[in-house]
Amino acid sequence: MKRKLLIGLLTIAACFTVGSTSFAAEAPSSTLSSSTSISPNAVIKPIDETQAIVRMQVGETIWLTGYNFWYINYDGSIEIIPAEGQFTALHPGTSTVAADFGNGITFYYIILVN
């Protein structure tokens, strides 16, 4: 019984290995121009700041993801309860709020209240 189980697991592992390498074919050289220079030591920096536009109606309450919320641009159109990420639209206007997402990532919410 153990032998059949081991053979089955090895077969599944082999299928995953073959399946994952079949998509790793080299790109045709004609797709790269001769002026394209790709450094093997290139460092790809992750996006550390992103944003979203949130549309709300006066009186509406929503909860947004993140922690340590703070105002970037505040016109009094929203009320925020930072500990919960709860936002309430008070009157028409536009405010921008930032939030930490961890690992140095800051997320910006542009809140439009109608």
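Assorted remarks:
- Scan of the range 40-61 for residues that are in a loop (DSSP other than H, G, I, E, B), modelled with pLDDT under 95 and open to solvent by 90 Å² or more (accessible area, probe 1.4 Å), ordered by number: Pro40, Asn41, Val43, Ile44, Lys45, Pro46, Ile47
- Filtered residues of the range 62-76 (kept if polar (S, T, N, Q) and open to solvent by less than 90 Å² (accessible area, probe 1.4 Å)): Asn73
- Residue match in the range 81-88 (condition: free of Cβ contacts under 8 Å to residues at least 24 places away in the same chain and in a strand (DSSP E or B)): yes
The values are calculated or read from the model by the stated rules, or taken from the named source; none is laboratory data. If you're wondering where the values come from, they're calculated on a predicted model, not measured in any experiment. Cβ atoms come from the backbone with ideal geometry, glycine included; neighbour counts cover every protein chain shown. Surface areas here come from the heavy atoms of the whole protein model, side chains and all, with no ligands, DNA or RNA. Shrake-Rupley method; radii C 1.70, N 1.55, O 1.52, S 1.80 Å.
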